[in-house]
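*Asks:* Have a look at this one before I ask anything.
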Amino acid sequence: MASIFQPDYVAGHWACTTPTDEYCWHPVAGSSNQPLFGVGAYVDVKFNRWAQIEAEGRWLRFNQDGNVHQDNYLIGPRVSVYHFRRANVYAKTLVGFSQMTFDSSNHGRFTTLAFGGGMDVKLTKRVSFRAADFEYQYWPTWDNSTLSPYGASMGVSYKIF
């Protein structure tokens, strides 16, 4: 899949919470005017119409500003909300972790919750097109703050079983 995401961080955006401490500088979340682009892979396991699991990995490495990039590794339940003709609308809640490099040399691994949904269109018996997949992420323990990246993806899947 191909993705575009608002990373919720601007390169070089740091603040000091306690001015008397020389080690007080922390990165601060903020809306970036430069989205990240990337590629990813996803796997959907369908047990029945209501019981499904989705796992995804996403590497947002293109269009970096100040060497800021993010990688996501998430898994969780997916529910089919509406089905018409060859299209299937779904909702998902995923959990996992994300890795982020910010300002060239600083990086970390952070717990990530993601809420989203989208639409898959069946092209053939085995091939489907992910026409839209929207995702809002919440990183509750990003440094001494929180981060909320969001974005969209599209792609193609192949049914193995």
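*Asks:* So what are the radius of gyration and Dmax for the Cα set of region 72-161, in Å?
*Replies:* Using the Cα atoms of region 72-161, the pair Rg, Dmax is 15.7, 50 Å.
*Asks:* Show me 53-63, 87-97, 119-129 ranked by packing, highest mean number of other Cβ atoms within 10 Å first.
*Replies:* Numbers: 53-63: 18.2, 87-97: 16.4, 119-129: 14.1.
For the peptides 53-63, 87-97, 119-129, the packing ranking is 53-63, 87-97, 119-129.
*Asks:* Run the simple label-point estimate for residue 45 and residue 97 please: 7 Å along Cα→C-beta, distance reported in nm.
*Replies:* 2.1 nm
*Asks:* Just need the relative contact order of region 37-143 here, percent rounded to a whole number, with Cα pairs under 8 Å and 6+ apart.
*Replies:* Details: 248 pairs, mean separation 19.9, N = 107.
This gives 19 percent for region 37-143.
Here, each number is a calculation from the coordinates, and none is a lab measurement. The model shown is predicted, which means the values in this text are computed figures rather than measured ones. All Cβ positions, glycine included, derive from the backbone under ideal geometry; neighbour counts span all protein chains shown.
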